[in-house]
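FYI, it's all coordinate maths here, none of it is from the lab. Just so it is clear, the structure is predicted and the values come from calculations on it, not from any experiment. Every residue, glycine as well, gets a Cβ built from its backbone with ideal geometry; the counts of neighbours run over all protein chains shown.
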Amino acid sequence: MKKSNSALLAGIIFVVMVVIIGIVNAAGITAFEATFWALVPPLVAIILALITKEAYSSLFVGIVLGAVMASGVSFTGTLNIVTVEGLTDAVAGNAGILIFLVVLGTIVALINKSGASRAFGEWASAHIKTKVGASIATFVLGVLIFIDDYFNCLTVGSVMSPITDSKKISRAKLAYLIDATAAPVCMIAPISSWAAAVSGCVTSERYSGIELFVRAIPYNFYSILTFVFIITITLLKFDYGKMKKFEDRAESTGELGILDLSEDDEYKLKEDGPAVIPKGKLIDLIIPVLILIILCVWGLLFNGFSAIEEGGIIEAFSETDAYVGLPWGSILALAVIIIYMVVRKVMTFNEAMECVPKGFCAMVPAITILTLATALKNMTNMLGAREFVGNAMAGAQNLQWALPAIVFVVACVVSFATGTSWGTFGILIPIVSAIFPETSSLFFVGISACLAGAVCGDHCSPISDTTIMSSAGAHCNHIDHVETQLPYALSVAGISFICYILTGLFDMAGIAWLSLPIGIGLTVAFLFFMKKRSTDV
């Protein structure tokens, strides 16, 4: 579809929705709050993004639509809600993460300007010989950086892109590998910002938040099966869906789908002579990354210990605020890395300072989309999505064996529509705790289904912050990332749904543990089937 036609269709959809809302409001029916209407603005934004292939306007349309509904079709009310409750609150609420993004962008610019990325690419080209090796190395690094998903996305992208580029892996595939090892690994890592967030949502009288999180890990089928999926499809050396088109194009033409093709200044010819040769070595990438990891972990722990009177590392992580700890650690890391680069004489102090605006500019697209996505989430909260989901779940209590699968689907839908895992399990964990008795073995399965569904919907959603960060980390078009990733994520989601059905049935026989091996077998069998099908075609 041509862009002009897509824009026209987007405009028609928006006008039709506003007219419908106006008619409903004029008829005296103002009960938008705590109904399915609460999910309409994000769903419209997602549909428009997929139609137009353009994220900024689609998100803004969703924000305006939500504001129209929340204001009762009032012009001034809509303007106020969009400006204050939407965009202003989004910037204020995300201020810590926005600082973290800018600092990370600056650190990446420093590493690139020093020539360390080039040195790492040369080393990797000599030691990682195949496309399979590059994909597995990306996966392993993603799993190792389990502290926080934002940190994971941007670090893995900047470190691994020279390797994946050299092996003709498209940036869309790199974005998938990043995204699939960001939220999923954080959701099964007891020491992470996600574990802390989950622990904070738990109100159990019988279990601590971190204990409940750990006991739910074996039933987090989506996260675990995503890892099985990545390893299997990599070893089988094939792709399907739209990802196959991107990978085939990368292999045959070398077109990787990089969003920004501009070269860094140090690689350009100067007017008065040859190109400046960067002095950076491989160690100049390894040490800054280690500094960043160590100080970010310190920032999270320091913030966590400041919030508790007594306790250890687990308790500190359960009380930490990633929106404070990560900026602390990253700002300190930036200062140390600049000192390191200057002392090593790989760049001057003035050259290091030139990387600050470069880092900011590199993160502007991600910051813009993140701000718009958060504003859209604010609209959803104002319209009472939490109450609607709670009421919908309350009617399913009689189907105990099917409840884990139902919870998984509901969490997927809510997370997909709102673009937030944390918001989803924040809504659903109290509801799930009320539905399942804490003495029941299905209590842990229900909690895990909630967490798995939240990750799955987040993984699929074009308005998810993690999806946005993965596109930014891989420097690929955001909608390309969403469209290529969706078939893979939905495949794992379908198998996970089957596993939750089996777990509910097996629980009655005391063999719920058997669901995970069956799920692994189904994932591998599915990919063998898809490869045979693609070969036959």
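Listed peptides 348-361, 450-463 appear in the order 450-463, 348-361 once ranked by packing, highest mean of other Cβ atoms within 10 Å at the front. In summary, the convex hull built on the alpha carbon positions of region 83-122 has an orientation-averaged projected area of 3.5 nm². Our analysis of region 41-123 gives Rg over Rh at 1.23, with the two radii drawn from alpha carbon positions and Rh computed by the Kirkwood formula.
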